[in-house]
Amino acid sequence: RLERRPDVSWWVIEKSQSWFCDADFKRTFRVSMSTFEFICQEIAPFIQGPGNNYKPSIDLRQKVGIFLERIAVGERFETIRKHYNLANSTVQYIHQLVSHKFVRHLLSKYIKLPKTITELKAASELFYQRRGLFNCIGAIDGSHIKVRRDYSNSTAYRNRKGFDSIVLQCLFAYDLQVIHAYVGYPGSVHDARVFRNSELYNLINSGWLEKGHLNFEGTQVPFYTIGDAAYPLMKNLLVPYKLLTSLSQKQEYFNFCHSSTRMAAEMGFGKLKNQWRILSSECATECSIPQRCCDVLCACILQNILIVCEGEDDDPLLLLETDERDSDEEENDEIESDEAHQIRNAISEMLISNKTS
């Protein structure tokens, strides 16, 4: 006589409410119980209903639990399925369903650039108060995300550190929220080239940041973003002065303020990779590159939801990123305009004037 397997479908619902304290729950899913319920409410309209129900007996919270356990902890599907007494293929399907709906319906809601003059002024004020530079609205950087080797084009994804990856480019706000994300270029592609082929480059060149100016001794200083020396100097993307010759006092002070402000990008990537372990987990070998890109965007959305719902986390374990990113400048062949140099020089003058006054 065959005995029925014990039903453990209660794992997420009952265990989260009865067994877990909030600290244990957050250790497992990287979010509090209240944030978990908020995520369920946000995604419910898109994964429930006549056209989307894969199996009626699988509860909404179980689906979100499977998705979060994959993104937050980076567990393999073989491990996750044991927690829910489901088949491996079912767990994979649920994760793909939720992650794709997450990106399709929530990406534009939670990852968005300041567009109006009011939004740009608010963003720059907060950046100045928290990070140091005025009229700056974000810090840009790139990072490598490990992927499964694509044997059809293995050399394209091999980065300079010797492993296969895709590049994630993010623009971070003052509070480490991701306000623009671009992912998918092979790891062999330099940060500057990824930037030139991104939507953000086109937006900057379209005059998006030309809506407000500061006037300093005849120089109009627009809103701008900042990046490291791998990026081109543009009037709306400022990079540090190159250490090719000895720098003046104002240039050195600009580089200091620039570096202090750009820490938002390094801290943002550190928080992303430490909070959402899917970005660094070896389980990346289980999925295709398109699914990997989807998971990366889900992590960016979740980071913003977490900051909105729970505020900034000052946990010292969320360290600055120490990853395998290129920062050389050999492919940075963008022509630097005189206007960009004038804007950077004007900001340098303003910074040193404020320091000495």
Taking segment 93-127 and the residues there that are over 29 Å from ARG277 (Cβ atoms) and small (Gly, Ala, Ser), the one that is surrounded by the fewest Cβ atoms within 10 Å (Cβ to Cβ) would be ALA122
Test: residue in segment 302-316 that is farther than 21 Å from LYS26 by Cα and either at pLDDT 95 or above or surrounded by fewer than 19 Cβ atoms within 10 Å (Cβ to Cβ) (or both)
no
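Does segment 148-164 contain any residue that is farther than 26 Å from GLU286 by Cα, under 20 Å from the mean Cα position of the chain (by Cα) and charged (D, E, K, R)?
As a first pass, look at segment 148-164 and keep what is farther than 26 Å from GLU286 by Cα: none.
No, there is no match, as no residue in segment 148-164 is farther than 26 Å from GLU286 by Cα, under 20 Å from the mean Cα position of the chain (by Cα) and charged (D, E, K, R).
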Log entry, pairs with first residue in segment 344-357 being touching a residue at least 24 places away in the same chain (Cβ under 8 Å), second being assigned to a helix (DSSP H, G or I) and not aromatic (Phe, Trp, Tyr), beta carbons closer than 7 Å, six or more apart or on different chains, reads SER348/LYS250; SER348/GLN251; GLU349/LYS250; LEU351/CYS257; ILE352/GLN249; ILE352/LYS250
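Does segment 183-218 hold any residues that are closer than 15 Å to ALA230 by Cβ and of a type outside the set (Gly, Ala, Ser), and which are they? Let's see the steps before the verdict.
We begin by selecting, within segment 183-218, every residue closer than 15 Å to ALA230 by Cβ; these are 185, 187-198, 200-201.
Matches in segment 183-218: TYR185, VAL189, HIS190, ASP191, ARG193, VAL194, PHE195, ARG196, ASN197, LEU200, TYR201.
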Taking segment 128-162 and keeping only residues that are closer than 23 Å to ILE278 by Cα, open to solvent by less than 70 Å² (accessible area, probe 1.4 Å) and at pLDDT below 85, one is left with ASP150, SER154
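Just give me the residues in segment 208-233 being among the hydroxyl-bearing types (Ser, Thr, Tyr) and not in a loop (DSSP other than H, G, I, E, B), in sequence order.
THR219, TYR224, THR225
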Next on the checklist: Take the conditions under 20 Å from LEU113 (Cβ atoms), within 17 Å of the chain's Cα centre (by Cα) and either not in a helix (DSSP H, G or I) or not acidic (Asp, Glu) (or both) and apply them to VAL296. Does it pass?
Outcome noted: yes
Within segment 163-214, the count of residues that are in contact with a helix residue (DSSP H, G or I) (Cβ under 8 Å, 6 or more places away or on another chain), among the polar types (S, T, N, Q) and open to solvent by less than 10 Å² (accessible area, probe 1.4 Å) comes to 1
Could you tell me whether segment 259-280 includes any residue that is surrounded by fewer than 20 Cβ atoms within 10 Å (Cβ to Cβ) and not in a helix (DSSP H, G or I)?
yes
In segment 273-309, residues that are touching a Phe, Trp or Tyr at 6+ places or on another chain (Cβ under 6 Å) and within 17 Å of LEU171 (Cβ to Cβ) total 3
Selection from segment 28-42 of residues touching a Lys or Arg at 6+ places or on another chain (Cβ under 9 Å) and either outside any helix (DSSP H, G or I) or at pLDDT below 90 (or both) yields ARG30, SER32
Residue pairs qualifying under the 7 Å Cβ cut-off, at least six apart or on distinct chains, with the first in segment 111-139 being on the phi < 0 side of the Ramachandran plot and the second being open to solvent by 90 Å² or more (accessible area, probe 1.4 Å) and among the basic types (Lys, Arg), are ILE117/LYS211; LEU120/LYS211
Of the residues in segment 215-235, those that are of a type outside the set (S, T, N, Q), surrounded by 15 or more Cβ atoms within 10 Å (Cβ to Cβ) and over 26 Å from the mean Cα position of the chain (by Cα) come to PHE216, VAL221
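Looking only at segment 250-266, decide whether some residue is of a type in the set (Val, Ile, Thr) and in contact with a Lys or Arg (Cβ under 7 Å, 6 or more places away or on another chain). Steps first, answer last, please.
Going through segment 250-266, the residues of a type in the set (Val, Ile, Thr) turn out to be 261.
Those left that are additionally in contact with a Lys or Arg (Cβ under 7 Å, 6 or more places away or on another chain): 261.
For segment 250-266, residues of a type in the set (Val, Ile, Thr) and in contact with a Lys or Arg (Cβ under 7 Å, 6 or more places away or on another chain): present.
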Of (1) surrounded by 17 or more Cβ atoms within 10 Å (Cβ to Cβ); (2) outside any loop (DSSP other than H, G, I, E, B); (3) within 28 Å of the chain's Cα centre (by Cα), GLN251 satisfies every one except (3)
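The values are calculated or read from the model by the stated rules, or taken from the named source; none is laboratory data. As the structure is a prediction and not an experimental result, all values here were calculated from the model. For neighbour counting, all protein chains shown are included, and Cβ atoms are generated from backbone atoms with ideal geometry for every residue, glycine included. These accessible areas exclude ligands, DNA and RNA; they are computed on the full protein's heavy atoms, side chains included. Shrake-Rupley method; radii C 1.70, N 1.55, O 1.52, S 1.80 Å.
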